[in-house]
Amino acid sequence: MVDRPPPAPAATGRPDPDADPVWWKHGVIYQIYPRSFMDSNADGIGDLEGIRRRLDYLLWLRVEAIWISPIYPSPMADFGYDVADYCGIAPIFGTLAEFDRLVAEAHARGLKVILDFVPNHSSTAHPWFQESRVSRNSPKRDWYIWRDPAPDGGPPNNWLANFGGSAWEYDAATGQYYYHAFLPEQPDLNWRNPEVRRAMHAAMRFWLDRGVDGFRVDVIWHLIKDEQFRDNPPNPAWQPHQASIDRLLQIHSADQPEVHDVVAEMRSLIDEYPDRVLIGEIYLPMERLVAYYGPDLRGAHLPFNFQLIFAAWSAPQIARLVQEYEAALPEGGWPNWVMGNHDQKRIASRVGPAQARVAAMLLLTLRGTPTLYYGDEIGMENVAIPPDCVQDPWEKNEPGLGLGRDPARTPMQWDASPGAGFTTGTPWLPLSPDHRERNVEALARDPRSILTLYRRLIALRREQPALHAGSYLPVAAEGNVLAFLRCAGAARLLIALNFGQAPQCLDLRPHGIASARILLSTALDREGEAPGPMLHLRPAEGVAVALE
């Protein structure tokens, strides 16, 4: 595929800025996993120049912002989430000059750029840690979390690492253990140390001064640990087929009350720069998740809401989830929804190709900011990774449990060429066998494709204030149907989604609906249809209906 966008109708206009001027509220965020998006130099690894060459595709798709997973210098033990320099670019991805060019050209197209920020832990290769481990008297010793052994000589407590094994690594040279919530190559920074905070704030300013439009902050709920380092209690619900980290309840190793002061400091820094956003990665139950909006909404603008990733795929379950989330939001807190990311199974693999279209309509019509994971718009599924091609350290540490993240990180499928338009070299992960049929170039020309559906849904969301800024009201529905109203002023839109494999019918009369017109169906074949008093839904169909 060439570097211009696929053939398509002219783009529709942006929403009326007077209706909702905040870009991170009305726009769609598109996550790019840089290793897998576009390779410009044939080394099989995606890079910044590759992203730049595909900006017109993102403009064509009509997303508002791109979020780029880590691109910092790194030994790549966890593929960039082990940072060796917070103010640089890994050579495999490019240079600072190429980053600056990417930001400038994205901004010229009206696209925002959000950078992944990884403040909880660095790499063991970071100069800070190298200095910290020299001796117990090192000026940077307290920049990381060092503890004496337990009386028996073992780890200081029972905390576990997210990628398997103990969270403590013994350093024979100094006779202490250091804490790592993830890999031993990822030592946790001590955010109780003011010097650490100042250094990380300086790193944030470095990127904000270069024009980035905000940060997605990695594992933000991990930043503060229990000051007494108490043992975590056992998890009575743990089963042997689950990850070892789930053996314990992480009540002392994360989500401590003091973390909200740290987030508030980040927010204050962000607010010094106009029109920026702070997003927090948070895997917590709903009632704890919403606390990260902070007192008086002085926390994260968007504490990432992953509820749709883990919910059972049924209309009653999703309806309850949405209602609980809406009820839990603090007054003035703006909602957000995430259907997939680089750590989770692909949505098309979780629910199947037909329901993936329903999922697209759900994501893009709920109240709040949607985040779209690269490739979901073309229906990419998990790719089976042969054992000799496994890259993910979690899969290597705990094989056989299905925890590997490689299947959802495979290269973007741009065209039917041998390298899928991603590379002319050997891709770092295997391509999906279906890339010759399932690719941007082919699907952009298909008026019924899932890519066309995503593009039209994003356009509809832009065009309709009820979708990008309106209220949410549930509508009672029978069977496996989820229905809700989105309203702004006199405009009312009904969204009806059939989560089942049988036809369903929604009676519009009890809702006082005199007339209606279908704006969009997931089948892309009912536009303009007037459904009458009974709205018929085919299996795995969703519709957006204007009520008149």
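Multiplying the residue separation of Glu265 and Leu297 by 0.36 nm and removing their Cα-Cα distance gives an extension gain of 10.3 nm. For Ala202 and Ser138, a Förster radius of 30 Å and the Cβ-Cβ distance give a FRET efficiency of 0.90, rounded to the nearest 0.05.
Report the gain in length on full extension from Ala150 to Tyr273: 0.36 nm times residue separation, minus Cα-Cα distance, nm rounded to one decimal.
Numbers: separation 123, 0.36 × 123 = 44.28 nm, distance 4.59 nm.
Stretched fully, the Ala150-Tyr273 segment lengthens by 39.7 nm.
Farthest toward the positive end of the dipole of the chain, out of Ser471, Ala523, Ile309, is the Cα of Ala523, where the dipole comes from beta carbon charges about the Cα centre. Once the gyration tensor of the Cα atoms in segment 471-547 is diagonalised, the equivalent ellipsoid follows with semi-axes of 18, 14, 12 Å, ordered largest first. Count Lys and Arg as plus one, Asp and Glu as minus one, and take only other residues whose Cβ is under 11 Å from that of Ala173; the net charge is then +1. Computed per residue of the chain from DSSP H runs no shorter than four, each worth -39500 (n - 2.57), the mean residue ellipticity at 222 nm is -6500 deg cm²/dmol. The simple Förster model, with R0 at 41 Å and r as the Cβ-Cβ distance, assigns Cys389 and Asp226 a FRET efficiency of 0.55. Mark the label point 7 Å from the Cα of Asp343 along Cα→Cβ and return the residues of segment 155-180 whose backbone N is within less than 14 Å of it. Correct set: 161-164. When +1 charges are put on Lys and Arg Cβ atoms and -1 charges on Asp and Glu Cβ atoms, the dipole computed for segment 92-237 relative to its Cα centre reaches about 380 debye. Taking the Cα centre of segment 26-133 as reference, the dipole from Cβ charges on Lys and Arg (+1) and Asp and Glu (-1) amounts to some 320 debye. Sorted largest first, the spans of the alpha carbon positions of segment 127-179 along the three principal axes are 28, 25, 15 Å. When segment 24-173 is described by a simple charge dipole with +1 on each Lys and Arg Cβ and -1 on each Asp and Glu Cβ, the residue from Trp168, Ile45, Gln31 located farthest towards its positive end is Gln31.
How long are the semi-axes of the ellipsoid equivalent to the chain, from square roots of 5 times the Cα gyration tensor eigenvalues, in whole Å, largest first? Walk me through the numbers on the way to the answer.
Numbers: eigenvalues 317, 138, 106 Å².
Its equivalent ellipsoid spans semi-axes of 40, 26, 23 Å.
Counting only DSSP beta bridges with both residues in the chain, the antiparallel share comes to about 60 percent. Under a model in which nothing but the beta-carbon of Lys, Arg (+1) and Asp, Glu (-1) is charged, segment 471-547 shows a dipole of about 180 debye around its Cα centre. Since only Thr452, Trp334, Val22 are under comparison, the one whose Cα sits farthest along the positive direction of the charge dipole of the chain, derived from C-beta charges on Lys, Arg, Asp and Glu, is Thr452. For segment 127-179, averaging the sequence separation of C-alpha pairs within contact (under 8 Å, six or more residues apart) and dividing by the residue count gives a relative contact order of 31 percent. With both labels modelled 7 Å from their Cα along Cα-to-Cβ, the Gln239 to Val22 distance reads 4.0 nm.
Coordinate-derived values only; no laboratory data. Here the structure is a predicted model, which means the values were calculated and not measured. Heads up, the Cβs are rebuilt from the backbone with ideal geometry, glycines too, and the neighbour counts pull from every protein chain shown.
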